[in-house]
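S.K.: Attaching a single structure in structure tokens format; questions to follow.
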Amino acid sequence: MIRLRIMVTYCPRRAVALADTPRPDCLNCQGTGGIAHDYGDHETGEYAGAHWEPCPCWTQWAVILLPLPRRPRRTPSGTYSAEPPF
């Protein structure tokens with residue numbers, strides 16, 4: 001069963017998207033959408049990172065519904081812009 005949610009994406013630009021949500025009662029991932037597997041360096045044995053394995057209860061897709069306008073650039077306080085207002 002797909003659980004849809006509305007979210008804001010930031011790559012490549014801001015947009016409103018419709019995405020799937022992990023099941024909150026999933027026994028494999030406890031609702032996080034995936035399982036992290038920590039691993040260490042072979043030579044030193046210290047922590048080297050984590051590999052994230054997606055859970056089958058969640059699909060990683062998003063459909064962009066509406067691109068959002070870009071925010072206007074702000075000028076530093078105390079300075080004036082040389083561009084006309086229109």
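Read-outs throughout are calculated quantities, based only on the coordinates presented, and are distinct from any laboratory measurement. Note that the structure is a prediction, hence the values are computed from the model and not measured. Positions of Cβ are generated from backbone atoms using ideal geometry, with glycine treated the same way; all protein chains shown enter the neighbour counts.
S.K.: Grab every C-alpha pair in the chain, bin the distances at 10 angstrom width from 0 up to the longest one, and report whole percents.
M.R.: Going out from 0 Å in 10 Å bins, the chain shows 14, 24, 23, 18, 13, 7, 0 percent.
S.K.: Counting alpha carbon pairs within less than 8 Å and at least 6 residues apart, what relative contact order, in whole percent, applies to the chain?
M.R.: Computed value for the chain: 28 percent relative contact order.
S.K.: Along Cα→Cβ, 7 Å out, is where each label goes; now give me the distance between the ones at Met7 and Thr44 in nm to one decimal.
M.R.: In this crude label model, Met7 to Thr44 measures out at 3.3 nm.
S.K.: Name the cysteines of the chain that stand alone by the Cβ rule: no other cysteine Cβ under 4.7 angstrom.
M.R.: Singleton cysteines: Cys11.
S.K.: Something else now. Quick one: Asp25, Asp20, fewest Cβ neighbours within 10 Å first, how do they rank?
M.R.: Values: Asp25 8, Asp20 17.
Listing Asp25, Asp20 from fewest to most nearby Cβ atoms yields Asp25, Asp20.
S.K.: Still on this model: Below 11 angstrom from the Cβ of Ala48, what's the summed charge of the other residues (Lys, Arg +1; Asp, Glu -1)?
M.R.: In short, -4.
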